[in-house]
Amino acid sequence: MSVDDRQRKAEHIRHLLETEGNNVHENTQVFNDGRYESTADLDDYDGLKDEARAIKEDTIERLPELLDRVTEAVETNGGTVYLADDAADANRYITEVAGGRDVVKSKSMTSEEIEVNESLEASGADVWETDLAEFVLQVADEAPSHIVAPAIHKSREEIADLFNAHFDPEEPLETAEELTRFAREYLGEKIMDAEVGMTGANFVTADTGTLALVTSEGNARKCVQATDTHIAVAGVEKLVPTVEDLQPFVELIARSGTGQDITSYISLFTPPGDSPTFDEGGELGPGDDREFHLVLIDNGRMEMREDDQLRETLYCIRCSACANSCANFQHVGGHAFGGETYSGGIATGWEAGVHSQESAAEFNDLCTGCSRCVNACPVKIDIPWINTVVRDRINQEDATEFDFLVEGLTPDEEPGGMDLQKRLFGNYATLAKLGSATAPVSNWVAGIKPAQVLMERFVGIDRQRDLPEFKRETLRKWFEARGGSRVSPADADREAVLYPDAYTNHVQVERGKAAVRVLEALGVSVRIPEVASSGRAPLSQGMIATAERHSHEAYADLAEHIDAGRDVVVIEPSDLAMFASEYEKFLPEESAERLDSNSYEIMEFVYGLLENGASSEELRAGDGERVAYHSHCQQRTLGLEAHTVAVLDELGYDVLTSETECCGMAGSFGYKQEYYELSMDVGGELESQFRTEDARDRTVVASGTSCLEQLDSLLERPSQHPVQLVDPGR
Amino acid sequence: MSAEPLTTFESSLDELGVELVQTTSDQFESTLVPLLDAPAVGTPLPFENVSLPDAVEGDPTMQELETAETGVTAAGYGIADYGSVVIQGGPDGEEPVSLYADEHVAVIAGSDVLTDMDTTFDRLAEDIRSDTGQAIIATGPSATADMGELVKGAHGPMEVTVVLLEDR
């Protein structure tokens with residue numbers, strides 16, 4: 001990315017933070033809190049997600065067969081199925097069916113994807129969006145900022161101003177109720193007059209040709225009932241095999257999305273419907289000769305189905321959980337975190353599949369891989385992975401010129417010409433090694449103004465960020481100098497390998513020392529061998545080949561220790577998350593499983609030791625010390641926040657935990673010039689929680705390196721890793 | 001039916017702000033009439049010895065639909081876990097009658113209150129395969145938050161009442 005591009009991007013984000021950020025934030029947080037609450041009410045949330053996932057896997061696997069089946073079912077019912085290759089094909093068919101008649105529509109993202117309104121309007125038809133949010137956007141001539149609540153970026157006041165200016169009502173509209181009544185009446189007339197009703201479909205059952213529509217307003221029902229011709233538009237991936245298969249989705253979709261147990265209406269239409277309709281004289285007449293057209297759209301989906309990496313995207317049920325649970329999305333919304341049609345975490349897969357890689361490239365960097373969406377997704381899509389894959393493909397595409405200089409300097413597997421900023425962050429382990437070897441000179445150079453300006457100019461590191469300070473004495477050197485472990489294997493209850501991640505070894509050396517002392521105090525003999533970096537840094541920049549190479553090396557370095565019965569203890573949660581999640585994709589199943597089941601987060605390991613009889617008296621007691629703890633995003637996805645809290649509790653600390661999804665730093669993200677302000681805005685949430693009366697005198701503790709760096713820049717109080725708190729040598 | 005799903009149904013409806021009125025087929029008319037805001041429209045009720053009172057227009061014109069305060073229809077099932085009613089039917093006009101009036105009164109047989117979504121979908125699948133073209137799982141009134149705050153009554157009713165026939 002050029003200097004100008006970075007500045008333009010930063011400018012766009014700043015504008016959205018100022019104009020739309022607050023509305024998006026307020027609403028997505030309501031949805032996100034609702035999701036936690038509503039899914040907690042389910043007896044077997046995880047089982048339901050597995051069921052939904054299995055149905056989608058099966059559907060996509062058997063898609064050609066199910067398409068034949070649904071065609072047969074709809075035709076038997078008296079309707080027509082049209083399989084459209086692409087947007088143009090679909091629009092041509094729909095416009096022909098509508099034949100210039102006016103169309104009333106209920107909300108459908110698929111119809112936005114093909115831009116059918118433009119095509120219908122060009123044929124002389126009036127097209128009305130009857131979903132109230134879509135109607136607002138139609139009047140405002142704006143694009144959706146959220147796939148479920150498209151006008152989420154607009155406040156009531158803004159909508160009132162818009163309506164008053166556009167419609168000039170006798171009495172100015174003010175309250176949400178007045179605005180709703182006005183729109184209902186206005187659109188009610190359009191619905192009565194229209195002859196064609198267009199809906200989307202959240203699901204289509206192949207066995208019976210039934211459409212399931214998940215709505216709350218009732219406009220979709222009216223659009224179908226009040227018209228003579230029903231056109232439903234859906235992507236081919238919306239099929240499910242049978243009516244019974246709808247059940248897990250009906251229970252999950254609203255809980256995952258807007259945090260309601262269920263929406264007001266789940267309409268199951270098996271068209272053509274026979275509800276009475278309005279005839280020309282305006283009377284209710286028989287609805288038994290209604291026409292029905294199901295337009296199933298390929299538009300790149302069948303190719304996605306053949307693509308081993310993008311296929312999972314087709315399981316997506318567009319619930320918006322990945323948008324609502326995403327800290328970056330919460331702050332900027334879909335006008336920044338979105339492409340031509342779709343927005344939120346999964347949008348990268350959709351845009352790359354149905355539009356273009358360029359459309360995905362526009363916003364793909366906003367996924368920091370924090371993984372907070374992973375457990376929120378009702379069909380268990382590995383959304384960060386899809387973002388990584390597409391980032392990798394974008395990198396490859398950018399790599400047109402062969403830049404020998406950079407190629408020679410960077411020990412990665414990526415082609416020359418790739419974005420320099422990404423390459424710098426992706427090769428963090430090498431950088432750290434160099435940094436420590438040349439410290440303190442490297443730190444002086446990095447800290448002086450001209451160097452910071454150069455860094456900003458050439459690799460896009462924002463000059464307002466302090467760069468991590470490399471320590472001359474690495475953790476491994478310190479450990480060696482003190483003569484290795486003070487607990488000999490012969491006297492030890494257990495043996496552990498402390499994984500020397502690049503940050504702990506070169507920058508956050510003190511937390512490494514604390515970890516060694518804590519483990520030894522609990523009777524563990526510690527080793528710190530040289531181990532390759534996990535590959536987290538290159539992976540987060542979309543450098544998959546490099547990350548994969550790291551995985552083979554790190555595994556080779558650790559396997560022998562596991563065979564010798566040693567546990568692998570990891571301080572940096574993002575590295576542990578690599579072992580636990582991404583290594584599945586790089587290593588043979590057995591190897592990935594072996595490493596995963598023998599690796600522990602440091603405080604999880606301490607928790608285990610205490611549970612198994614180690615004495616907590618060996619650690620530094622809290623004596624009521626008040627602590628504010630921010631767990632790491634990926635650590636929480638792995639379910640490991642609780643262990644730290646439990647250990648601190650047991651030791652007598654008074655713990656307050658943060659309520660945000662992410663600190664905003666997210667590895668290298670917050671260093672990047674184009675995202676610095678967004679990163680600080682996201683961090684602002686954590687900052688204000690930790691500045692409340694209950695929190696402002698508390699010791700700040702965080703598990704991740706980048707969280708610690710972010711907290712240090714947000715608060716005056718220094719922060720530390722929880723293991724430093726309980727270090728008996730403190 | 002056991003008392004349990006009914007208790008759950010009642011508390012689920014209560015959370016949604018939906019009134020549940022229990023009655024018997026004998027008492028149906030005298031229970032329903034005080035619940036109606038005039039003008040009221042309705043569709044034929046499929047329960048034995050139960051029919052719409054005269055105060056309810058059973059074959060409404062479009063004008064009557066638009067101006068109706070209350071719309072009375074039968075519901076095929078209730079779902080205890082969610083407080084939902086399933087509006088089925090077609091040619092008789094269950095769809096417009098349950099949609100256009102400000103208040104929807106759903107009449108349901110006690111024996112049709114099902115425990116959960118799983119059981120409901122087994123029944124719905126059977127119904128769809130035997131040609132019931134339409135089923136709306138309706139939970140509470142229509143609603144929208146699109147105008148900046150939650151508003152009950154978007155394109156559909158702003159109020160829902162469930163009348164349960166204990167002996168049906």
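The values are calculated or read from the model by the stated rules, or taken from the named source; none is laboratory data. Remember, predicted model here, so these are calculated numbers, not experimental data. Quick reminder, even Gly has a Cβ in these numbers, built from the backbone with ideal geometry, and neighbours come from all protein chains shown. Only protein heavy atoms, including side chains, enter the accessible area calculation; ligands, DNA and RNA are left aside. Shrake-Rupley method; radii C 1.70, N 1.55, O 1.52, S 1.80 Å.
Restricting segment B:71-84 to residues that are open to solvent by less than 10 Å² (accessible area, probe 1.4 Å) and either in contact with a Ser or Thr (Cβ under 8 Å, 6 or more places away or on another chain) or more than 16 Å from B:Val162 (Cβ to Cβ) (or both), the residue that is farthest from the other protein chains (Cβ to nearest Cβ) is B:Val72.
If you go through segment A:233-243 one residue at a time, do you hit one that is among the acidic types (Asp, Glu) and open to solvent by less than 10 Å² (accessible area, probe 1.4 Å)? Break it down stepwise before answering.
Our first condition is that a residue be among the acidic types (Asp, Glu); within segment A:233-243, this holds for A:237.
From what's left, open to solvent by less than 10 Å² (accessible area, probe 1.4 Å): A:237.
Yes, segment A:233-243 has at least one match.
Quick check on B:Val105: is it away from chain A (no Cβ under 12 Å), within 17 Å of B:Thr23 (Cα to Cα) and in contact with a Ser or Thr (Cβ under 6 Å, 6 or more places away or on another chain)?
On the way: away from chain A (no Cβ under 12 Å): yes; within 17 Å of B:Thr23 (Cα to Cα): yes; in contact with a Ser or Thr (Cβ under 6 Å, 6 or more places away or on another chain): yes.
Spelling it out, B:Val105 is indeed away from chain A (no Cβ under 12 Å), within 17 Å of B:Thr23 (Cα to Cα) and in contact with a Ser or Thr (Cβ under 6 Å, 6 or more places away or on another chain).
Of the listed requirements (1) in contact with a helix residue (DSSP H, G or I) (Cβ under 7 Å, 6 or more places away or on another chain); (2) facing another protein chain (nearest Cβ under 7 Å), A:Val233 misses just one: (2).
Every residue, every condition in (1) within 23 Å of A:Phe278 (Cβ to Cβ); (2) in contact (Cβ under 8 Å) with a residue 24 or more places away in the chain; (3) not polar (S, T, N, Q), yes or no:
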residue: B:Gly93; (1), (2), (3): yes, yes, yes
residue: B:Met117; (1), (2), (3): no, yes, yes
residue: B:Asp127; (1), (2), (3): no, yes, yes
residue: B:Gln134; (1), (2), (3): yes, yes, no
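Candidates are the residues of segment B:115-145 that are of a type outside the set (Ser, Thr, Tyr) and touching a Lys or Arg at 6+ places or on another chain (Cβ under 9 Å); the one that is surrounded by the most Cβ atoms within 10 Å (Cβ to Cβ) is B:Ile136.
Looking only at residues that are small (Gly, Ala, Ser) and assigned to a helix (DSSP H, G or I) in segment A:330-364, which one is surrounded by the most Cβ atoms within 10 Å (Cβ to Cβ)?
The initial filter retains those residues of segment A:330-364 that are small (Gly, Ala, Ser), namely A:333-334, A:336, A:338-339, A:343-345, A:347, A:349, A:352-353, A:356, A:359-361.
Now narrow it down to the ones that are assigned to a helix (DSSP H, G or I): A:347, A:349, A:352-353, A:359-361.
Details: A:Ala347: 32, A:Gly349: 28, A:Ala352: 28, A:Gly353: 26, A:Ser359: 20, A:Ala360: 25, A:Ala361: 21.
The selected residue is A:Ala347.
Is there a residue in segment A:312-322 that is within 14 Å of another protein chain (Cβ to nearest Cβ), surrounded by 24 or more Cβ atoms within 10 Å (Cβ to Cβ) and more than 30 Å from B:Glu57 (Cβ to Cβ)? Within segment A:312-322, one or more residues are within 14 Å of another protein chain (Cβ to nearest Cβ), surrounded by 24 or more Cβ atoms within 10 Å (Cβ to Cβ) and more than 30 Å from B:Glu57 (Cβ to Cβ).
Of all residues in segment A:365-385, those satisfying the criterion of being touching a Cys at 6+ places or on another chain (Cβ under 9 Å) and outside any loop (DSSP other than H, G, I, E, B) are A:Leu366, A:Ile383, A:Pro384.
Among the conditions (1) more than 9 Å from every other protein chain (Cβ to nearest Cβ); (2) more than 10 Å from the chain's Cα centre (by Cα); (3) aliphatic (A, V, I, L, M), the only one that B:Leu99 does not satisfy is (1).
Which helices (runs of 4 or more DSSP H) sit wholly inside segment A:244-324 and have at least 2 residues that are among the small types (Gly, Ala, Ser) and touching a residue at least 40 places away in the same chain (Cβ under 8 Å)? Break it down into steps so the answer makes sense when it comes.
Values: elements: A:246-256, A:301-306, A:321-324.
Here the list reads A:246-256, A:321-324.
Every test in (1) in contact with a Leu (Cβ under 6 Å, 6 or more places away or on another chain); (2) modelled with pLDDT of 95 or more is passed by A:Asp44 save one, and that test is (1).
A:Ser436 meets each of the listed conditions (1) at pLDDT 90 or above; (2) in contact with a helix residue (DSSP H, G or I) (Cβ under 8 Å, 6 or more places away or on another chain); (3) of a type in the set (S, T, N, Q) apart from (1).
Look at (1) buried (at least 23 other Cβ atoms within 10 Å of the Cβ); (2) among the small types (Gly, Ala, Ser); (3) modelled with pLDDT under 95 and you find that A:Gly285 fails only one, number (1).
Yes or no, residue by residue, for (1) more than 11 Å from chain B (Cβ to nearest Cβ); (2) among the small types (Gly, Ala, Ser); (3) buried (at least 24 other Cβ atoms within 10 Å of the Cβ); (4) in a strand (DSSP E or B):
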site: A:Gly197; (1), (2), (3), (4): yes, yes, yes, yes
site: A:Val204; (1), (2), (3), (4): yes, no, yes, yes
site: A:Arg221; (1), (2), (3), (4): no, no, yes, no
site: A:Val224; (1), (2), (3), (4): no, no, yes, no
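Flag set for B:Val160, criterion: more than 9 Å from every other protein chain (Cβ to nearest Cβ) and crowded, with 20+ Cβ neighbours inside 10 Å.
Within segment A:599-614, being modelled with pLDDT of 95 or more and touching a Gly at 6+ places or on another chain (Cβ under 9 Å) holds for A:Tyr600, A:Leu609. Quick check, is A:Glu51 modelled with pLDDT of 95 or more, open to solvent by 20 Å² or more (accessible area, probe 1.4 Å), under 28 Å from A:Gly273 (Cβ atoms) and not in a loop (DSSP other than H, G, I, E, B)? So A:Glu51 fails the test.
In the set (1) facing chain A (nearest Cβ under 9 Å); (2) buried (at least 24 other Cβ atoms within 10 Å of the Cβ); (3) under 16 Å from the mean Cα position of the chain (by Cα), the condition left unmet by B:Ala68 is number (1). Among the residues of segment A:577-598, those identified as open to solvent by 10 Å² or more (accessible area, probe 1.4 Å) and closer than 22 Å to A:Ala537 by Cβ are A:Ala580, A:Ser581, A:Glu582, A:Glu584, A:Lys585, A:Phe586, A:Leu587, A:Ser591, A:Asp596.
For segment A:653-682, taking the residues that are touching a Phe, Trp or Tyr at 6+ places or on another chain (Cβ under 7 Å) and buried (at least 24 other Cβ atoms within 10 Å of the Cβ), the one that is nearest to A:Met1 (Cα to Cα) is identified as A:Tyr675. Which of the residues spanning segment A:368-395 are acidic (Asp, Glu) and modelled with pLDDT of 95 or more? If the condition is that a residue be acidic (Asp, Glu) and modelled with pLDDT of 95 or more, then A:Asp382 is the only one that fits. Scanning segment A:182-195 for residues that are open to solvent by 20 Å² or more (accessible area, probe 1.4 Å) and over 21 Å from A:Glu280 (Cα atoms) turns up A:Phe182, A:Arg184.
Is it fair to say A:Glu283 is out of contact with any Cys (no Cβ under 9 Å at 6 or more places or on another chain) and farther than 23 Å from B:His104 by Cβ? Even if it seems obvious, please write down each step before you answer.
Values: out of contact with any Cys (no Cβ under 9 Å at 6 or more places or on another chain): yes; farther than 23 Å from B:His104 by Cβ: no.
No; evaluated as a whole, the condition is false for this residue.
The residues in segment B:1-43 that are among the hydrophobic types (A, V, I, L, M, F, W, C) and open to solvent by 70 Å² or more (accessible area, probe 1.4 Å) can be counted, and the count is 3.
Examine segment A:27-43 for a residue that is in a helix (DSSP H, G or I), among the β-branched types (Val, Ile, Thr), touching a residue at least 40 places away in the same chain (Cβ under 8 Å) and open to solvent by 80 Å² or more (accessible area, probe 1.4 Å), and state whether such a residue exists.
Going through segment A:27-43, the residues in a helix (DSSP H, G or I) turn out to be A:27-40.
Okay, now just the ones that are also among the β-branched types (Val, Ile, Thr), so A:28, A:30, A:39.
After this cut, where a residue has to be touching a residue at least 40 places away in the same chain (Cβ under 8 Å) as well, the list is A:28, A:30, A:39.
The next check asks that each one be open to solvent by 80 Å² or more (accessible area, probe 1.4 Å); those that pass are A:30.
Looking for residues that are in a helix (DSSP H, G or I), among the β-branched types (Val, Ile, Thr), touching a residue at least 40 places away in the same chain (Cβ under 8 Å) and open to solvent by 80 Å² or more (accessible area, probe 1.4 Å), one finds at least one in segment A:27-43, hence yes.
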